[in-house]
């Protein structure tokens, strides 16, 4: 470039009659190339620095530590997907339920668990019941598309906790038609049951009905039946408040009275025992029905556990009577009705439990009832020790079907009761309040002579 400038200055400029400004022009022309080279070098230097910086950042991003950061979102997504899959009602594999029950037994073994197993033998976890029932009903052709699910349970919020039985069954089978009122009694009556049956899916062909009825009872961590510490409450309240309230009202009316069940005061879930027959029809109905059934309640090992069984019997008889009264209308859109009855046990820890007492199915034809209990839940637990040590009384909680009215059933029961009784001597605690506490403290071993006589029930020392 400088040579070209010099040639131009020495040849072309003189021909124009101009004197070349040698020093000034040469100096300026000589400086121009150096300025351009300097800019190019500066640009190249800046570019190289930027490339080096990007390379360093890339190497840092690809280091093992930084690569692990990219894995976190994927790990979170995978964990969440696994959780949703495992907690889904459809998640199941052979042995899963047995594994869950065995694990739970190791984690929870305090007074509350012992009380649940003593007074409600054969109880199962919510997910276990859901899986067992699903297997049985699926084999009979029940699907979410052709089945309408319904419940007759107490409207207490503890019975609709996410992940427990009602929620799991509704998630599996779809919508839930509510039939129950206080105590789980199906107060909707014949009209409500007929309305439910007319909502059953009708395509393809006739649909199927699946109904669960169950009273409920709380069992606190200390083993007290009828008590429950609810979520976000500091104190302990009653469960089921309706059945316990009815019981307390009844014993106040009986000559000689009795010992009311209390949790803190003489009120049941904030409602005084005294009620209005006009505006409290459901609780008055329960009181009237229970009053006829409370016989020798002092011989039972636990009054509230016994009341819960009586509430189950009341709900069952009332429900079956409604089915029979609603026939043949309930079969307009369905060709099969399956009913599961039992007792829901609300627990403050370890999840709720369900004690199945009835699982039957039938079609419109007379004599079509099929008992599904044994194939679904196994051998029925013996309730003799729980129910006044009376085999006849214990049998009544299983000896029932979907085609027998309460009138016919009670007549049959009276005939059975007229036979020679094999009733055993009652096995009770002389001090129902203290005996469970003494047993928990180990007195059954250290003071066996006294405890076997005064606290035989709490120490499991009842004669065979």
Problem set entry | Any chance residue 223 is farther than 23 Å from residue 335 by Cα and over 17 Å from the mean Cα position of the chain (by Cα) | yes
Exercise. Residue check: is residue 151 modelled with pLDDT of 95 or more, in the same structural domain as residue 228 (by TED's automatic domain parsing) and more than 23 Å from residue 125 (Cα to Cα)?
Worked result: no
For this session: For residues that are loosely packed, with under 15 Cβ neighbours inside 10 Å and either more than 16 Å from residue 219 (Cα to Cα) or not assigned by TED's automatic domain parsing to the domain that holds residue 225 (or both), tally how many sit in the stretch 112-136.
Result: 1
Exercise. Are any of the residues in the stretch 137-145 over 12 Å from the mean Cα position of the chain (by Cα), touching a residue at least 60 places away in the same chain (Cβ under 8 Å) and either within 16 Å of residue 199 (Cβ to Cβ) or crowded, with 19+ Cβ neighbours inside 10 Å (or both)?
Worked result: yes
For this session: Identify all residues within the stretch 333-359 that are in contact with a helix residue (DSSP H, G or I) (Cβ under 7 Å, 6 or more places away or on another chain) and either surrounded by fewer than 19 Cβ atoms within 10 Å (Cβ to Cβ) or closer than 17 Å to residue 386 by Cβ (or both); write none if there are none.
Result: 333, 341, 343, 344, 345, 350, 351, 353, 354, 356, 357, 358
Exercise. Is there any pair with a first residue in the stretch 356-370 that is over 17 Å from residue 327 (Cβ atoms) and a second that is loosely packed, with under 14 Cβ neighbours inside 10 Å whose Cβ atoms are under 6 Å apart and which are 6 or more apart or on different chains, and what are they?
Worked result: none
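Quick grid of which residues meet (1) modelled with pLDDT of 75 or more; (2) part of a helix (DSSP H, G or I); (3) assigned by TED's automatic domain parsing to the domain that holds residue 122:
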residue	(1), (2), (3)
379	yes, no, yes
384	yes, no, yes
389	no, no, yes
394	yes, yes, yes
399	yes, no, yes
403	yes, no, yes
408	yes, yes, yes
411	yes, yes, yes
420	no, no, no
Exercise. From 226, 180, 184, which residue is closer than 26 Å to residue 116 by Cα, surrounded by 17 or more Cβ atoms within 10 Å (Cβ to Cβ) and out of contact with any helix residue (DSSP H, G or I) (no Cβ under 6 Å at 6 or more places or on another chain)?
Worked result: 180
Exercise. Does at least one position in the stretch 312-320 carry a residue that is under 25 Å from residue 108 (Cβ atoms) and crowded, with 18+ Cβ neighbours inside 10 Å?
Worked result: yes
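The values are calculated or read from the model by the stated rules, or taken from the named source; none is laboratory data. Keep in mind that this is a model prediction, so the values were computed, not measured. Neighbour counts run over all protein chains shown; Cβ positions are idealised from the backbone, glycine included.
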